[in-house]
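First up is the structure itself, then whatever we jot down about it.
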Amino acid sequence: MGLLNKLDDPYEGGGIVLGKVEELLNWGRSKSDWYLHFGLACCAIEFMAMNASHFDFMRFGTIPRTSPRQADFIMITGTVTFKMADRIKILYEQMAEPKYVISVGSCSNSGGPYWEHGYHVLKGIDQIIPVDVYIPGCPPRPEAFEEGMILLQKKISRQAIFNKRKRLGTE
Amino acid sequence: MTAQEIFEKLRTEAGDAVIECVVQPSYDPFIRIAPQAVFDICHSLRDDELLAFDYLMSLSATDLGDDLGVVYHLYSTKWKHKLVVKTQVPKDNPVVPSVERIWRSADWHEREAFDLLGVRFDGHHNLIRILLPYDWEGHPLRKDYRTPETYHGMKV
Amino acid sequence: MSEKKKIDIEYSQLDSERMRINVGPQHPSTHGVLRLEVEVDGEIVTDVVPHLGYLHRSFEKHCEYMTYPQIIPYIDRMDYISAMNNEWPYVMALEKMLDVKVPEKVEYLRVIVAELNRIANHQIAVATFGLDAGAFTPFLFYFRDREYIIWILEKLSGARLLYNYFRVGGVAGDVYPTFKEECHDVIAKVRKTNAEVMNLLIHNNIFIKRTAGVGILTPDVAINYGCSGPVLRGSGMAHDLRRDEPYSIYDRFDFDIPVGKGEVGVVGDCWNRNMVRMHEMEQSCRIIEQALEQMPMEGDVTAAIPKRIKLPKGEIYSRAENPKGELGFYIVSNGTDKPERLKARGPSFVNLSVIPEISKGYMFADLILILGSIDIVLGEVDR
């Protein structure tokens with residue numbers, strides 16, 4: 001809890017927090033990401049297990065949305081085919097800035113097992129949209145989903161909002 | 001009934017359109033028929049009391065080099081017997097009568113065979129691509145198929 | 001005195017305009033990437049046109065380039081919810097062609113893992129069907145229990161979802177010491193949750209109002225469309241390959257084939273199809289219990305087979321009862337170590353084709369339930 005650590009600050013009496021506005025905004029942004037789940041194939045089943053009782057994806061502050069306009073990041077879980085690729089691009093373009101992409105599984109990272117002879121499989125989602133976090137695995141275990149989510153949160157919390165050239169220090 | 005008995009029964013009804021019955025090791029016994037008689041023979045296979053093949057398990061098309069083959073796997077829920085029926089057509093004019101009106105399950109199977117191997121089924125009500133995009137070119141499961149370089153600007 | 005003018009309008013003139021709605025391919029309740037083009041008249045569905053192929057991963061083309069054992073992982077990825085059941089007919093076909101005798105222990109082990117996976121599949125089917133009807137709690141219950149089944153399968157094979165466990169003439173891993181106790185534990189848990197869900201969901205008044213009498217499929221139509229599995233059995237046909245054409249060692253077990261009886265609603269509606277799945281889980285539990293009792297714990301889990309598997313020239317059509325229906329593989333071999341042609345007949349592909357037939361005339365919201373009750377997996381529909 002980056003900001004709350006600063007509560008025991010030198011100013012006596014408490015209740016005063018000194019910090020940057022950017023850090024506050026980023027803290028809020030990274031801990032409440034709403035996502036558009038783009039379930040395509042096998043990884044989507046693991047992601048359903050991730051959402052259910054044992055792993056509880058919502059403790060990261062994520063809430064599933066069914067509309068791209070309300071989503072902060074899109075989670076692409078599964079094999080992307082050419083028939084589907086155009087639709088993913090449309091959905092990605094509909095999302096509001098700032099937007100992030102998590103690519104889950106070998107198939108959407110690089111084509112996976114369908115890399116060599118898959119005449120109808122897109123060899124990596126990064127050919128059509130930019131990707132922030134890649135989660136490897138075929139399919140990834142729920143623990144890998146957790147790590148991918150933490151990596152995305154780290155990335156968001158380091159982003160500069162006002163001076164775009166500067167990157168914030170690590171917390 | 002075994003395949004040999006069915007073959008003899010069909011032979012008396014349909015004549016030379018039923019070409020041969022092949023029983024050999026490591027093959028399921030199958031009956032080869034002429035392509036133009038597919039609809040009539042399949043119709044009698046379904047409606048005959050003793051045959052009653054009411055369940056089309058699978059319809060597959062294969063690339064045989066110069067020809068395209070179509071294989072029907074039939075099953076009877078009444079008598080619990082199975083039958084394999086085969087036919088083949090030349091690659092430059094691959095037209096087979098559709099059995100969609102006999103078994104409705106043939107509808108999508110035939111569309112898939114058309115999509116992936118380019119067998120044209122005469123009499124099918126809606127013979128369009130089913131798996132690949134509607135503007136895809138070629139039939140990928142043919143042995144001489146060349147994968148295109150790009151599709152809609154994306155590298156294949 | 002003017003006569004009051006009588007307004008006389010025929011009801012047919014009040015006909016509202018037909019509208020075409022697009023559902024999918026990215027839609028939370030199409031169970032994957034299916035696109036349905038629906039024509040509605042007000043709220044009533046008048047036509048449904050499914051568009052497939054959004055997950056067409058060129059499975060059959062890959063098979064022509066792969067050696068026979070290399071194909072098994074691709075078969076896992078067809079119906080990714082019940083991977084164990086998928087591998088079985090393929091491995092069975094190869095064993096029949098090579099004339100390999102499988103050890104006794106392997107047969108029992110295969111039955112146990114396949115039935116465990118069948119339970120896991122039906123749990124997802126009922127859970128997501130509940131979600132479609134608006135019930136979230138069964139989803140959490142079933143996914144909690146499914147995890148215990150997955151842990152057993154993971155200990156055996158090393159993977160959580162796509163196992164690659166069946167090998168020609170055997171299986172990949174031996175049982176571990178506490179295998180039997182854990183299986184008995186899981187069965188107890190499955191039975192407990194099923195009893196809960198039975199009260200919570202299946203006999204819930206709201207659920208019955210939503211699903212009973214919706215999407216009625218008569219047995220002769222189902223046969224003509226080639227339906228199989230719970231879709232066909234929900235219509236009252238006791239057609240099960242485990243009983244009709246006993247493969248492996250299914251003739252040694254005592255189990256019933258549940259069919260839709262129409263306790264609520266009409267035979268062949270969504271409720272009965274779902275009920276068949278609930279009963280099948282119980283029957284799977286019975287099979288596992290018997291198999292655990294009879295299974296020898298000693299022995300090898302692989303038969304002696306050549307290292308390089310070459311099939312004799314020939315053809316085979318092999319089928320087995322998947323949780324979703326009849327899964328068949330048509331293999332054409334040309335005498336080398338790679339198949340000439342491999343065609344998969346997926347039960348979801350065939351079962352889905354019945355959608356336009358049974359959803360006409362129902363409300364739009366019912367269409368989602370009818371789709372959910374068929375229990376499709378798009379990986380198998382599109383392959």
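Remarks
- Peptide C:276-286 shows a mean partner chain C-beta count of 0 within 10 Å per residue C-beta.
- When only the Cβ of Lys, Arg, Asp and Glu is charged (+1, +1, -1, -1), the dipole of segment B:3-155 relative to its Cα centre reaches about 360 debye.
- Contact order relative to length of chain B, as percent, for alpha carbon pairs under 8 angstrom and 6 or more apart: 16
- Degrees separating the helix C:83-98 axis from the principal Cα axis of chain C, which is the longest one: 50
- Average Cα contact separation per residue, segment A:52-171, under 8 Å, 6 or more apart, as relative contact order %: 21
- Length available on full extension from C:Lys261 to C:Asp41: 0.36 nm per residue minus the Cα-Cα distance, which gives 75.9 nm.
- Most mobile listed residue (A:Leu24, A:Leu122, A:Leu151) in chain A, GNM with C-alpha springs under 10 Å: A:Leu24
- Across segment C:233-383, the convex hull enclosing all Cα atoms gives 151 Å³ per residue.
- Per-bin percent of Cα-Cα distances, chain C [10 Å]: 5, 23, 31, 23, 11, 4, 2, 1, 1, 0, 0
- Between the helical axis of C:104-133 and the longest alpha-carbon principal axis of chain C there is an angle of about 20 degrees.
- Value at 222 nm in deg cm²/dmol, rounded to 500, when DSSP H runs of n ≥ 4 in the protein assembly as shown each add -39,500 (n - 2.57): -11500 deg cm²/dmol
- Projected label distance in nm at A:Trp115 and B:Lys155, using a 7 Å step from Cα toward the beta-carbon: 1.3
- Modelled label positions at C:Tyr247 and A:Gln94, each set 7 Å beyond Cα in the direction of Cβ, lie 4.2 nm from each other.
- Taking the longest Cα principal axis of chain C as reference, the axis of helix C:270-294 is set at about 10 degrees.
- Paramagnetic reach from C:Asp185 in segment C:269-290 [backbone N under 18 Å; point 7 Å along Cα→Cβ]: C:289
- Per-residue mean of foreign Cβ neighbours for C:139-146 is 4 (Cβ atoms of other chains, 10 Å radius).
- Residue-averaged beta-carbon neighbours from other chains (10 angstrom radius) around B:63-74: 2
- Under the membrane-span-like helix rule (DSSP H runs whose alpha carbons stretch at least 15 Å along the helix axis, mean Kyte-Doolittle hydropathy -1.0 or higher), chain A yields A:21-31, A:82-94, A:142-157.
- The modelled label-to-label distance between B:Ile128 and C:Ala195, using points 7 Å beyond Cα along the C-beta direction, is 5.3 nm.
Each value in this text was obtained by applying a stated rule to the coordinates, not by laboratory testing. Keep in mind the model is a prediction, meaning the values are calculated, not measured. Every residue, glycine among them, receives a Cβ derived from its backbone with ideal geometry; neighbour counts consider all protein chains shown.
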